[in-house]
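The values are calculated or read from the model by the stated rules, or taken from the named source; none is laboratory data. In this text, all values refer to a predicted model and were calculated from it rather than measured experimentally. With ideal geometry, Cβ positions are generated from the backbone for all residues, glycine too; neighbour counts draw on all protein chains shown.
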Amino acid sequence: MALVKIALAGEGGQGVQSVAEIIAEAAYNEEKQTIYIPNFGLEQRGGVSIAFIQVSDERIGAPKFNKADVVIALSERAVGRTAHYSDENTLFVYDSGFKVDENDLPRQAKKIIGLPAIDTANKELHPRVFNIIIMGAVIGLTNIVDFEAAKKALENKLGYKFEKNPDLRELNFKALELGKQMAEESLKEGGQ
Amino acid sequence: MQQVITESKKAFMTGNETAAWAALASGADVMFGYPITPQNEIMHYWTRLAPQYGRGFLQTEDEISAGFTVCGAVQSGKKAFTATAGPGNVLMQEPFGMAEGMRLPLLAIIQQRGGPSSGTVIYSQQEVALTTFGGNGEGWRIVYSTATHQEIYDYVIKGFNTAWKYRFPTFILGDGYQAKMREPLEMYDPETRGIKMVDTYPLIGLDGSITNAEREPQHLCNIYSLEEELYDVVLKNTAEYESISPEIVEYEERQCEDAEIIILSHGVVARAADDAVKALRAQGIKAGYFRPITLRPYPEKQLRAAIARSGAKKLLIAESAYGQFYRLTRQEIYGETIPMETLFMPGVGIIDYDIISKVKSIL
């Protein structure tokens, strides 16, 4: 597997870093080379939080990158903040419910994708699993980890909560599945 | 002391967590520290782990105190360490100077952040000058600049041994990226890899009476009455530092034999340099890779030899600082006539693309 670079960005509290960590752990558990690094500057204290993930079969070089294969912006202001990570090879993903200024969208992208993640979370599942839908979407877009490995990583991370409330397990796995499907559908559609 | 890691095991964790585990596996007795980003989690993990293994921790009132308490602990024979960054590293130069002067075997882990002053809490390679030659002394320090989590683990273990074997303060020079990123590594018990941990011993308060001439007195001085006394001590310690340097120097060299350009980097930037050399070679550009692992002592002879052997036309120095590593290198290889090009990106990361572009612009 060639190097895949992913930038996940959102607001503090959206669970961006937790999701990045779970994805990275899943990739590591599949014996892949993996690096995950959060941005942790002062902007993190009230700014956009970004997670940089890289997965490969080969040893990985620098921990950060200029251009990503997949950028996922989980808030309106994260769109403008991450546009510069996109080039002609990038899948740029944001929530289709956002009111986004055209100028904030990247000038270059392989494809700009709007996913109804927030709406789906709110209407079909629960707002708290929004980030898990996004995790599913990352897998759907990149195949960086096997779906079962992702479920296992989720179990490792949240198992203690699932034990207390088994419905949560169901809810999270469903969110993961929906996110994956949503992303796969979006890749099939032509244009942006 | 309780064995921490019975069987080698793979792990996926941050560099800070790695450093804490490595200190535990090294048999460190105690950490003294004061919080500062990006090294905080070394303290956090240590405070979580240490009580389980009967080790100690004290958070002092500031970095000056943290450094001096380490100086005190090692004199009592405890394997002690600290960790800091940025302005904390500045404050610790006073105790680090004492450790040089009194030949105290302390270990400090430095996770470089942006500077000057509070700079950023994120990343840089701007603490090279400070860590190698900070303080009001002659730089009797051993500084390992790591590039991977495996190296953080390996060199923390090695660093304790270096400190206690040679009795010079020893530094593990990382950075905010290494501190905060997660990547795989293998953790192990040093003894199972044939690494004998150097025994620690008290430097003062020894058995036997001096007045009855049962033993020589211990002279651990950081101040002298006479100029001539200090002069003799400085000459003696300098000579000792220079004599042990060949045993300590470490470096990596790849594909320099026929290189037209040698890319010189250290620490985490060396990962990008390694990728850049591979990419350039694939495009038919003869690039070589040279990386000092020890910045003090510097692999000066080895770098001179690599330049001579290759007949390279240029040296490119890449660093996340504005010339600290460049100036260090220049003084070490004084007299070499190879043109030195530079890629200075102070306080920001360098990726292979940056190096490749630079090489193409100067060849």
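Points worth noting:
- B:Thr192 fulfils the conditions (1) in contact (Cβ under 8 Å) with a residue 40 or more places away in the chain; (2) farther than 23 Å from A:Asn39 by Cα; (3) within 12 Å of the chain's Cα centre (by Cα) except for a single criterion, (3).
- Residue selected from the range A:58-108 under the condition among the aromatic types (Phe, Trp, Tyr) and in contact with a helix residue (DSSP H, G or I) (Cβ under 9 Å, 6 or more places away or on another chain), by the criterion nearest to the other protein chains (Cβ to nearest Cβ): A:Phe65
- Residue that is farther than 28 Å from B:Glu138 by Cα and within 14 Å of another protein chain (Cβ to nearest Cβ), where the choices are B:Ala276, B:Ala287: B:Ala276
- Yes/no for A:Ser96 being modelled with pLDDT of 95 or more, of a type in the set (Ser, Thr, Tyr) and surrounded by fewer than 21 Cβ atoms within 10 Å (Cβ to Cβ): no
- Residues satisfying the stated conditions in the range B:309-363, i.e. of a type in the set (Gly, Ala, Ser) and part of a helix (DSSP H, G or I): B:Ser310, B:Ser357, B:Ser361
- Residues in the range B:8-16 include none that are crowded, with 23+ Cβ neighbours inside 10 Å, in a loop (DSSP other than H, G, I, E, B) and modelled with pLDDT of 95 or more.
- Condition met for B:Asn89 (closer than 26 Å to B:Arg327 by Cβ, surrounded by fewer than 20 Cβ atoms within 10 Å (Cβ to Cβ) and either touching a strand residue (DSSP E or B) at 6+ places or on another chain (Cβ under 9 Å) or away from every other protein chain (no Cβ under 14 Å) (or both)): no
- Exactly one residue out of B:Gln150, B:Gln111 is within 14 Å of chain A (Cβ to nearest Cβ) and in a helix (DSSP H, G or I): that is B:Gln150.
- Residue in the range B:25-40 that is buried (at least 17 other Cβ atoms within 10 Å of the Cβ), within 14 Å of chain A (Cβ to nearest Cβ), under 23 Å from the mean Cα position of the chain (by Cα) and not in a loop (DSSP other than H, G, I, E, B) present: yes
- Qualifying residue in the range B:175-183 (condition: more than 11 Å from the chain's Cα centre (by Cα) and assigned to a strand (DSSP E or B)): yes
- When we screen A:Val145, A:Val138 for residues that are within 14 Å of chain B (Cβ to nearest Cβ), within 17 Å of A:Glu184 (Cβ to Cβ) and either buried (at least 22 other Cβ atoms within 10 Å of the Cβ) or among the aromatic types (Phe, Trp, Tyr) (or both), the only hit is A:Val145.
- Residues considered: A:Leu115, A:Leu91, A:Leu3. Of these, the only one that is surrounded by fewer than 19 Cβ atoms within 10 Å (Cβ to Cβ) and at pLDDT 90 or above is A:Leu3.
- Only a single criterion out of (1) at pLDDT 95 or above; (2) more than 14 Å from chain A (Cβ to nearest Cβ) is not satisfied by B:Gly311, namely (1).
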